[in-house]
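I have placed the structure first, in the form of structure tokens, so that the comments after it can refer back to it.
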Amino acid sequence: MGQPTNTTLQLLQKQLYANARAIYSTRGGGANGHLSLVMPAADYLARAGQAFVIPIHPGDAPVHAAAATAAQITETNRQFTHDLNEFTLFTTVTEELEKQILIAVESRYLSMLEDPDFGFADITARDMLTHLKAEYGQITNEEIESNREKLSAAWSPDDPIEDLWLRIQESQRYAAA
């Protein structure tokens, strides 16, 4: 990919958001999947209306009450399995989103986050994306000029009108940024 730019980082963010949302979770209101793993916390809260509470590992085995009935033991086992599956899914999604970034971006652009012993194991996808946007996400003069040229390009009535709308939307995104 080379050095990240505002344009490439916007695409990476869009892909990360889509992938995180695609993996269902009841947490954070249930409508945004695991989006909280990559979206800034304040933005996620504004979107979801409630925080995404990170699941915790339920322990090695279910703990049953001393005089638990068969039904209570069954329910405790079911809840334990549910909690373990939810924790495992969360961990897997976390790792896969981090891998997506590490595949898309050359490690030199993330090297200041890397631990000498553990690499990126303790760095979240959200932290990686935040770092990349802060360090490399500024819109350059070249991107502004390229955007201006795209907007100024001639449009023919033979071309789909949607092409023109897309160029206008992209120019609006640059203007907002």
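The values are calculated or read from the model by the stated rules, or taken from the named source; none is laboratory data. All values derive from a computational prediction rather than experimental measurement. Every residue, glycine among them, receives a Cβ derived from its backbone with ideal geometry; neighbour counts consider all protein chains shown. In case anyone asks, the SASA skips ligands and DNA or RNA and just uses the protein heavy atoms, side chains included. Shrake-Rupley method; radii C 1.70, N 1.55, O 1.52, S 1.80 Å.
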Item to complete: With a 1.4 Å probe and every protein chain kept in, tell me what percent of the accessible surface of segment 39-177 is carbon plus sulfur.
Response: 57
Worksheet entry | Peptide ranges 120-127, 167-174 listed from the most packed, as the mean C-beta count within 10 angstrom indicates | 120-127, 167-174
Worksheet item: Of all the Cα-Cα pairs you can form in the chain, what percent are over 22 Å apart?
Response: 60
Worksheet, complete the sentence: Calculated from DSSP helices alone, with each H run of at least 4 adding -39500 (n - 2.57) and the total divided by the residues of the chain, [θ]222 nm to the nearest 500 comes to -19000 deg cm²/dmol
Discussion item. Please check: in the Gaussian network model of the chain (C-alpha springs, under 10 Å), which one of Asp159, Asp115, Asp43 has the largest mean-square fluctuation.
Written reply: Asp159
Worksheet entry | Full-stretch length increase - Ala66, Asp127 - with 0.36 nm per residue and alpha-carbon distance subtracted | 17.5 nm
Worksheet item: What ranking, highest mean first, results for peptides 20-32, 130-142 when packing means the other Cβ atoms within 10 Å averaged over each residue?
Response: 20-32, 130-142
